[in-house]
Amino acid sequence: SWDKHVISWVDVKWTVPKLIIKYEDLVYKKKLVLDHIISFFISNYGFKFNNLDIKKLNIIKSTCFNKLKKEEEISGFNEKNNKNNNSFFSVGEKDQWKKVLSKKQIDRINNNTLFRKIMNRFNYEISS
């Protein structure tokens, strides 16, 4: 489940620096997150980047959701769950759960203490 997956990454005592990035931030604050990633690698690993402005523009263009979705339609995507025919790059919108989950499902999430704790930890709001 999502909560166990998140905990498996964030609560492990790694011996190397880690950087946790929320999907929504990566999509809606791409430039800010990209600058944060670059700073992380510079300060933690001493990376030096040449032509950084050009590379940042290329990263932003090549990781546009619609571009990735189109590439998946043409070439497929290895990370896709093959149990269904849904595409991996499906909607790509923040708060899409509000359109998909029923009141019963939302209540079930709200009443799950561990799940709720993780949601709160990362400032996700699930009440609707």
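The values are calculated or read from the model by the stated rules, or taken from the named source; none is laboratory data. All values reported here derive from a predicted model rather than from experimental measurement. Neighbour counts are summed over all protein chains in view; Cβ atoms, including those assigned to glycine, are modelled from backbone coordinates with ideal geometry. Heads up: the accessible areas ignore ligands, DNA and RNA and are worked out on the full protein's heavy atoms, side chains in. Shrake-Rupley method; radii C 1.70, N 1.55, O 1.52, S 1.80 Å.
Data for the structure
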| item | result |
| --- | --- |
| Per-region count, the stretch 18-33, residues aliphatic (A, V, I, L, M) and either open to solvent by 100 Å² or more (accessible area, probe 1.4 Å) or in contact with a strand residue (DSSP E or B) (Cβ under 7 Å, 6 or more places away or on another chain) (or both) | 1 |
| Selection status of Asp25, closer than 26 Å to Lys117 by Cβ and either within 14 Å of the chain's Cα centre (by Cα) or among the charged types (D, E, K, R) (or both) | yes |
| Residue in the stretch 87-105 that is modelled with the highest pLDDT, counting only those that are over 19 Å from Arg116 (Cα atoms) and assigned to a loop (DSSP other than H, G, I, E, B) | Ser87 |
| Test for Asn51: is it over 26 Å from Gly92 (Cβ atoms) and surrounded by 12 or more Cβ atoms within 10 Å (Cβ to Cβ) | no |
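Per-residue answers, yes or no, for (1) open to solvent by less than 50 Å² (accessible area, probe 1.4 Å); (2) among the acidic types (Asp, Glu); (3) under 17 Å from Tyr124 (Cβ atoms); (4) touching a Ser or Thr at 6+ places or on another chain (Cβ under 9 Å):
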{"residue": "Asp3", "(1), (2), (3), (4)": "yes, yes, yes, no"}
{"residue": "Val6", "(1), (2), (3), (4)": "yes, no, yes, no"}
{"residue": "Val16", "(1), (2), (3), (4)": "no, no, no, no"}
{"residue": "Asp35", "(1), (2), (3), (4)": "no, yes, no, no"}
{"residue": "Lys61", "(1), (2), (3), (4)": "no, no, no, no"}
{"residue": "Glu72", "(1), (2), (3), (4)": "yes, yes, no, yes"}
{"residue": "Gly76", "(1), (2), (3), (4)": "yes, no, no, no"}
{"residue": "Asn86", "(1), (2), (3), (4)": "no, no, no, no"}
{"residue": "Val100", "(1), (2), (3), (4)": "no, no, yes, no"}
